[in-house]
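Structure first, commentary second.
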Amino acid sequence: MSSRHHLLARVCLLLLMAHACLASPPAGAAPDEAGYGADQGYPRSSLETMSQKPYLVDAHTAMERMFRSTPVRRGEHPVRPLPPAAQPLQWSELDTYLATHPATGLMILKDGKVFAERYQYGRTAVQRFTSWSMAKTVVAMAVGIAIEEKHIHSIDDPVDRYEPALALTAWKGVSIRHVLHMASGVKFDETYGVANSDVAQLSRAWSRQQRSLAEVLAGMTEREVAAGQRFKYISADTEVLGLVLAKATGRPLAGYVSEKIWGPMGAEDDASWLIDAKGVEAASCCLNARLRDYARLGQLLLDGGRNGERQVIPREWVESATSVRFRDGYLQPRRATPYLGYGYQVWLLPDDLGYALLGVRGQAVYVHPRLKLVMVQTAVYPEFVNNELGGQRDRFWRALVFRATRL
């Protein structure tokens, strides 16, 4: 072997070792591994068992095995590099967090470089983790592109201009803007884990292939307040956006996202999206992707929708989506909810902490544009909503933001 080849081989080996250090698990065990099914090899889940604790780990990386899905393709676009930082994050609080928090994956980017990449509960970098409601933000970004491309005339158009069937529902005359803000005023029960709730009806459209998503929406005809008066988180609003996008663009949601976002952002792998019996994507949830590709999505948003020389999402749209107009004060942090605010299908954090894509059971992508910081977490909280674990995650993000000022 020539000295040049020897040097090249040594450099490659060092790079592989550096990557292995970044992706290695923390020294301690993940919390309650036995309870999450480690002794059984993280047993194979099914529709009937997927909400039981021993099956959560498998379920959250096996959605496309259990349910019908359609691909979100990366195409032939170059993969956006995620280079390792010169020094991986050495921070005891990171190990403590992972030892006490049921995260299946966690990744931290600063200035576009990987400072930490960890997996727990036997998960790996090549598995696809389900997004739950983080997918809502992807839908909102697609709306912005559709407006830029003039498929949609205006954000203030009524949704039934594009999907006439909505004129027979409670969304008649409601603007795209108000639906983006979860301010449609439509009566909807978002209670998780309750068989007869409205959100359970939506879930059955993709999980049991019963009534289609459009048929579920068609039965929703009651309003609680006028549109634009208050924030109320309802997944049905995102399903409406999915229907509007499909009609306006003439494309299935997954196909449009593939062409306009997933490929151009430089994803390393195809994703998938769960679908109902008619092949329509569950817009409010159920994107499945690698941890690193969620990180690339966060980085794309941080960079104002730009990947290298390409403006993937209009910058003005990203800025509008992650802020609140003065006239819409009811959407501000600590007003929309006791802690969070809400933009275009994205959560706004108080105290200059950035914004976040959030999903049930602990899924999150946090973005802090000023510090150029992104954190991605996939998780298996034992309940759909766990305020204790959610609070722990938010405190960790706050601590990371403080730490990032010294990275």
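Values in this text are rule-based calculations from the coordinates and carry no lab data. Not measured: the values here are computed from a predicted model. Reconstructed Cβ throughout: ideal geometry from the backbone, glycine too, with neighbour counts over all protein chains shown.
Ordered from longest to shortest, the equivalent ellipsoid semi-axes for the chain are 34, 24, 21 Å, each the square root of 5 times a Cα gyration tensor eigenvalue. For the options Ser45, Ser284, Ser197, a Gaussian network treatment of the chain with springs between C-alpha atoms closer than 10 Å singles out Ser197 as fluctuating the most.
Tabulate in residue order the Karplus-calculated ³J(HN,Hα) for the range 301-318, using 6.51 cos²θ - 1.76 cosθ + 1.60 with θ = phi - 60°, rounded to whole Hz; enter x for Gly and Pro. So the Karplus estimates, Gly and Pro as x, are 5, 4, 7, x, x, 10, 10, x, 8, 9, 8, 6, 10, x, 4, 4, 5, 4 Hz.
Our coupling estimate for the range 136-141, obtained by passing each phi through the Karplus curve with A = 6.51, B = -1.76, C = 1.60 and θ = phi - 60°, is 4, 5, 4, 4, 4, 5 Hz, Gly and Pro reported as x. The slack in the chain from Glu148 to Lys113, taken as 0.36 nm per residue of separation less the alpha-carbon distance, amounts to 9.6 nm. Subtracting the Cα-Cα distance of Arg315 and Ala125 from 0.36 nm times their residue separation leaves 65.4 nm of extension gain. Dipole check for the range 310-374: with +1 at the C-beta of Lys and Arg, -1 at the C-beta of Asp and Glu, and the Cα centre as origin, the magnitude is about 80 Debye. Annotation: amide H of Ser69 within the under-5 Å range of Ile275, sequence separation 5 or more or interchain, hydrogens built in the peptide plane.
In loop segments of the range 72-132 as defined by DSSP, the GluC sites (Glu not before Pro) with at most 11 further C-beta atoms inside 10 Å of their C-beta are Glu76.
Summing charges over neighbours of Gln392, with a neighbour being any other residue whose Cβ is under 13 Å away from its Cβ, gives 0 when K and R count +1 and D and E count -1. The translational diffusion coefficient of the range 317-407, from Stokes-Einstein at 10 °C and 1.306 mPa s with a Kirkwood hydrodynamic radius over alpha carbon pairs, comes to 116 µm²/s. If you line up the long axis of helix 387-404 against the longest principal axis of the chain, both from Cα atoms, how many degrees apart are they, to the nearest 10? Taking the Cα atoms of the chain, the angle to 387-404 is about 60 degrees.
Counting alpha carbon pairs within less than 8 Å and at least 6 residues apart, what relative contact order, in whole percent, applies to the chain? Intermediate results must be reported in sequence, preceding the final value.
Numbers: 802 pairs, mean separation 83.8, N = 407.
Once normalised by length, the contact order is 21 percent.
By the beta-carbon count within 10 Å of each Cβ, the least crowded to most crowded order of Phe396, Phe326, Phe384, fewest first, is Phe326, Phe384, Phe396. Lys-Lys pairs in the chain that are eight or more residues apart or on separate chains and whose Cα atoms lie under 19 Å of each other come to 13. Ordering Thr104, Thr124, Thr322 by the number of other Cβ atoms within 10 Å of each residue's own Cβ, fewest first, gives Thr124, Thr322, Thr104. Both radii are taken from the alpha-carbon atoms of the range 368-407; with Rh as the Kirkwood radius, Rg/Rh is 1.05.
Residues His181, His368, His151 in ascending order of nearby Cβ atoms (within 10 Å, fewest first): His151, His368, His181. With the helix formula -39500 (n - 2.57) applied to DSSP H stretches of n ≥ 4, the chain reaches a computed 222 nm mean residue ellipticity of -9500 deg cm²/dmol.
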